[in-house]
Amino acid sequence: MRGLILLVLLFAWPSFSTPALAVERKEFCVFDVAGANGFVYKTLEIYKRQAVAKGVQLHMRPYNNEQKAVEDFEAGDCDLVAVTDMGVRRYNDFTGSISAIGAVPRYEDLKVLMYILASPRVADHLETEAYQILGVAPMGAAYLFVNDRQINHVDALKGKRITVFDGHHDARHMIEYVGAEPVDARISNFHTLFNRGDADISYAPGAAYEVLEMFRGMGESGGIVRYPVGQVTIQLVARKGAFEERFVRQSRRLISRLYPEAMRVIRQYEDAIPESRWIDISTDDVRAYQAMLRGVRLDMQSSEDAQVQLAARAYNDDMMTILRKVRCYTNPGADECSAVDRE
């Protein structure tokens, strides 16, 4: 009888066991200007560990050159790539519009937006015929780094040399709109142009002060204008079908949950900047910046100039409407919330 019981248990055992989760290995190419030592890379290492529990093993490869990461992704060497919102515009204009000039002025706005992007309600906007966005995470607000503290209001921008990234047509239009001079730059060299004096102004997250040593270009008389002209994000892109749909949905939630950790590091970098380096501007000047940046966006939508229309195509109408609603949710008293020509 004892032998019979053992035999029954032996054959019954598979029905009681839980099959091991099949783990799929994927190549994950990550752009971080500081490579594997950067906070973007380290934050996405958390995502990598969490993805294993969802059945995906990500082999991370660091890149400090965004164009090289894009080239390897398009060559099929990467299943998933992490690039900036400017880099993602070729794949998805909806999430690529997050960095619209002045459209996300506060971290409170960004937090609401990150929640929205993880919602199934906007899932269709994260898909194109060829690509999928698997998540969006913050890299920090973009501030104006200046070599002269007197550049502390909109009118002071006139005649100044400002770096502009290749393909960032909307930023170029803003620079020309205020009467400044664009200085062509790439993500790999904009800080060098500023640091050696080839530009008077450059826009970047606060982390650039330390990581890219942009205090060198500021010299003794420069500083950082404490008003965000935009938000920089890191976005995960995959070819459609590279991952199971279930993981795609899970990935977006996993990335959204990294918001507190990403913001902790972002604020750590910003808080490490000496207070004497920040340039505070008056309430009136803040309103002037807001009005100017909104004017730039509206001008792009209405202008018939071919170059301006090129800049306007950088913005997705649905995202611009969402961003306006977010701003009016967090700041309902703003003039734009009751304006006839609201976005």
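For the reader, a short list of remarks on this structure follows.
- The residue list D285, D318, D280 contains one member that is under 24 Å from the mean Cα position of the chain (by Cα), open to solvent by 40 Å² or more (accessible area, probe 1.4 Å) and either closer than 21 Å to V104 by Cβ or of a type in the set (A, V, I, L, M, F, W, C) (or both), which is D318.
- If the condition is being open to solvent by 10 Å² or more (accessible area, probe 1.4 Å) and in contact with a helix residue (DSSP H, G or I) (Cβ under 6 Å, 6 or more places away or on another chain), then the range 87-98 contributes only R89.
- Matching residues, the range 176-202, being at pLDDT 95 or above, under 24 Å from the mean Cα position of the chain (by Cα) and open to solvent by 40 Å² or more (accessible area, probe 1.4 Å): D184, T192, N195
- Count of residues meeting criterion [part of a helix (DSSP H, G or I) and open to solvent by less than 50 Å² (accessible area, probe 1.4 Å)] in the range 53-85: 6
- Cβ pairs under 7 Å, 6+ apart, first in the range 88-106 and over 17 Å from D166 (Cα atoms) and part of a helix (DSSP H, G or I), second among the polar types (S, T, N, Q) and open to solvent by 10 Å² or more (accessible area, probe 1.4 Å): F94/N316
- Helices (runs of 4 or more DSSP H) contained entirely in the range 258-343, each with at least 3 residues that are modelled with pLDDT of 80 or more: 259-272, 283-302, 317-330
- Matching residues, the range 303-315, being within 27 Å of E127 (Cβ to Cβ) and surrounded by fewer than 16 Cβ atoms within 10 Å (Cβ to Cβ): Q309, L310, R313
- Yes/no for M263 being out of contact with any Cys (no Cβ under 8 Å at 6 or more places or on another chain), of a type in the set (A, V, I, L, M), surrounded by 15 or more Cβ atoms within 10 Å (Cβ to Cβ) and more than 30 Å from V52 (Cα to Cα): no
- Residues (of a type in the set (D, E), touching a residue at least 60 places away in the same chain (Cβ under 8 Å) and within 27 Å of F31 (Cβ to Cβ)) located in the range 124-155: E127, E129
- For the range 152-164, the set of residues classified as closer than 22 Å to A312 by Cα and at pLDDT below 90 consists of V154 only.
- Here is the figure for the range 210-241: residues that are of a type outside the set (S, T, Y), out of contact with any strand residue (DSSP E or B) (no Cβ under 6 Å at 6 or more places or on another chain) and surrounded by 18 or more Cβ atoms within 10 Å (Cβ to Cβ) total 5.
The values are calculated or read from the model by the stated rules, or taken from the named source; none is laboratory data. Note that the structure is a prediction, hence the values are computed from the model and not measured. Heads up, the Cβs are rebuilt from the backbone with ideal geometry, glycines too, and the neighbour counts pull from every protein chain shown. For accessibility, only protein heavy atoms count, side chains too; no ligands or nucleic acids. Shrake-Rupley method; radii C 1.70, N 1.55, O 1.52, S 1.80 Å.
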